[in-house]
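These notes concern the structure reproduced below.
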Amino acid sequence: MAVNVCDYSPSAATDPTEAIDANYPYDNPMGALGSVGAHFRPALRDNWTDWSAGELSLDESMRRPIYDFVDNLSWFSREVGDSGYGNIAWIGHVGGGPGDRRATYHNTGHALDIVRIQWVGGNASHPRDGTSEVHDDQGRWLQTTHRRMVAVEAALRKHFGYVLNRYIGDPAIEEGEWGEEGPNSKHQNHFHVDNGCERALRVDRTSLDNSAQGHRSVRSCHYFVQDCINAFTDLEVEYDGRWSRATEHGYLTLISDLGMECLDPTTYLTHYMLFLDYIVIHGLSGNGAGAYRWGDYIV
């Protein structure tokens, strides 16, 4: 089945904060909202009873995005991914359960920590699988596993404004400095998602020595771009959460490989969403950047 992913022309965008349709850039190819019907399983409890998103006591700011994430990523997985994966079956999470309404950001239904994506084909994606340090028993780098995990993060970023990935550290409040970052950070085994801010590729090319909480989303975006460079290009950059010259060069190389030189994902939301779509496509199909280019058809 041929799927045209480029009918929409984002080059017409003029306002960096313009609103977009919930189903951008598609005419709802996923079907009815919540059609996949994936469930959630609490990762830190002995009781692995499945919960629907409704039973998870999610706030309305989270309910629609999580349904859209499941349907959208499942649709991509069916259309361009390995047939051994298919839809999302269930999501392992750390968050509030039914009736668990203690006064925390997670337990009031405004955030989720996602630790596992279980596919109906029997395969699973874990955030810890997404680093370049993942190897098999023979020491070989699991490139396909890495790329699929980056695709999962890209899909999350399509639907949630605030995504803290497996490289971002926690502030060490007592010392006033950032805790350990990189693949061994405290987020190494999960994605934190919420909608406490708008979707955007936040790029700060100045020094990020300031350890203020507000810089976490900037650093997380930088780690995401560095992960995309390492996963989908022939370049390798250090995971340091900074927009260095190497990261700038890698980012421009990635954009060029995708045929998106005329677009600016760091300024226009529509451009950013299209960029994320192409990361999802390459990640689920296990290809390096350029296998599919903006304006092409994919199979």
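The values are calculated or read from the model by the stated rules, or taken from the named source; none is laboratory data. Because the structure is predicted, anything quoted here is derived from the model rather than measured. Cβ: placed from backbone, ideal geometry, glycine included. Neighbour counts: every protein chain shown. Keep in mind that these areas ignore ligands, DNA and RNA; they rest on the heavy atoms of the full protein, side chains included. Shrake-Rupley method; radii C 1.70, N 1.55, O 1.52, S 1.80 Å.
Please compute the net charge surrounding Ala111, taking Lys and Arg as +1 and Asp and Glu as -1 over other residues with Cβ under 10 Å from its Cβ. Working shown, then result.
Details: positive: none; negative: Asp59, Asp113, Asp194.
Cβ neighbours under 10 Å give a net charge of -3.
Accessible area per residue was computed with a 1.4 Å probe on protein heavy atoms; Arg242 scores about 90 Å². A cut-off under 9 angstrom between Cβ atoms defines the neighbours of Gly92, and their net charge, with Lys, Arg +1 and Asp, Glu -1, is +2.
Asp59 contributes about 50 Å² of solvent-accessible surface, heavy atoms of the protein only, 1.4 Å probe.
Amide H contacts of His39: Trp90, Ile91, each under 5 Å away and 5 or more positions distant or on a separate chain (H built 1.01 Å from N in the peptide plane; Pro and chain starts excluded).
Among the protein heavy atoms, those of Trp294 account for about 60 Å² of accessible surface (1.4 Å probe, every chain in place). Over all other residues within a Cβ to Cβ distance under 10 Å of Gly288, the charged ones net out to -1, with Lys and Arg as +1 and Asp and Glu as -1. Remark: accessible surface ordering of Arg63, Arg245 (largest first) is Arg245, Arg63, probe radius 1.4 Å.
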